[in-house]
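The values are calculated or read from the model by the stated rules, or taken from the named source; none is laboratory data. For clarity, every value in this text was computed on a predicted model and none was experimentally measured. Positions of Cβ are backbone-derived with ideal geometry, glycine not excepted, and every protein chain shown enters the neighbour counts.
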């Protein structure tokens, strides 16, 4: 198992949560170093994997970052004359 990264916790509670997410990702990477580990190709595979909780948190973090930048919006009812831009999740252990 890799050592726990030395992450200083900030006064901001959101920063603490982000630091803990980084630690969780470090632990999820430990299963990636085992022989035969295959990164998930789809969200379904990611959520069926032993690292499902870490993948779920990573997806939430990524979607929030895209929404905060104004580059991603969930639309329930797309007008008939419009086409949605497709997207794909790519799962990589860093």
(Q) So, residue 74, is that one modelled with pLDDT under 85 and assigned to a loop (DSSP other than H, G, I, E, B) or not? (A) yes
Q | Filtered residues of the range 51-71 (kept if assigned to a loop (DSSP other than H, G, I, E, B) and out of contact with any helix residue (DSSP H, G or I) (no Cβ under 6 Å at 6 or more places or on another chain)) | A | 69, 70, 71
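Listed here are the residues, each with its yes/no results for (1) at pLDDT 85 or above; (2) under 10 Å from the mean Cα position of the chain (by Cα).
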| site | (1), (2) |
| --- | --- |
| 4 | no, no |
| 14 | no, no |
| 20 | no, no |
| 40 | yes, no |
| 54 | yes, yes |
| 78 | yes, no |
| 87 | no, no |
Q. Quick check, is residue 92 surrounded by fewer than 10 Cβ atoms within 10 Å (Cβ to Cβ) and over 26 Å from residue 38 (Cβ atoms)?
A. no
